[in-house]
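Visitor: One structure coming up, written as structure tokens, with questions to follow.
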Amino acid sequence: MIFAIFADPTPGQENVPGNCIWGPSTLPPWGSGWKHPDTWPAGLRDDLPDDWRPTPALDALKAAKWEAVKAERDRREAGGFEYLGNIFDSDPTSVIRLTVAVAAARSAISAGQTGLSFAWTLQDNTVATLSVDEFIGLPLALAANANDLHQHARVLRERIYAATTAEEIQAIPDW
């Protein structure tokens, strides 16, 4: 494969052969000044096959895979969590509502109120009635769910950054 790195990228002179260092190899990282062959002057791309496309550098593949893992982790983190056999919402708005409600429950306990229960709408729109002690346990279950997801993502990240080939990176699942 042929690549070009611009030794003197004067505006308007990027594609002039005298301003390029040419050589066979894999492509350099995208931010190196490399220009797609379609932008090269006629004749310079004659050695490339018609269907040629640049191969992203290994670091770019790793970064893209890590972004895919983080996106899936975040989707799952906001997709609900299980507590007492029920699935509770965990999108950002629901987490705020839950946090405020649990703080109110703790205030009620501190004020000496007893016999409290809370009816909470679940992810499937059914309602669960929880004792105050069960209700106060909700943030712990939410945090445990987030921790499990982040630990799994860390394992995948270690695999991604330990990979030494594009094939190894592609073999790692997004989740």
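Visitor: Remind me, what semi-axes does the stretch 58-171 give for its equivalent ellipsoid, largest first in whole Å, using sqrt of 5 times each Cα gyration tensor eigenvalue?
Guide: Numbers: eigenvalues 305, 32, 21 Å².
They are 39, 13, 10 Å, listed largest first.
Visitor: While we're on this one: Rounded to the nearest 20 debye, what is the charge dipole size of the stretch 58-171 about its Cα centre when +1 sits on each Lys and Arg Cβ and -1 on each Asp and Glu Cβ? Working shown, then result.
Guide: On the way: 11 positive and 15 negative charges, 48 e Å.
Around 240 debye, computed over the stretch 58-171.
Visitor: So, one more: Tabulate in residue order the Karplus-calculated ³J(HN,Hα) for the stretch 133-139, using 6.51 cos²θ - 1.76 cosθ + 1.60 with θ = phi - 60°, rounded to whole Hz; enter x for Gly and Pro.
Guide: For the stretch 133-139, the Karplus curve yields 5, 5, 5, 5, x, 4, x Hz.
Visitor: HN-Hα J couplings of the stretch 167-174 from phi, Karplus 6.51/-1.76/1.60, θ = phi - 60°, integer Hz, Gly and Pro as x?
Guide: The phi angles translate into 5, 4, 5, 5, 6, 7, x, 6 Hz.
Just so you know, all these numbers are worked out from the coordinates, no wet-lab data involved. Treat the numbers as computed from the prediction; the structure is a model and nothing was measured. Note that each Cβ is placed from the backbone with ideal geometry, even for glycine, and that neighbours are counted across all protein chains shown.
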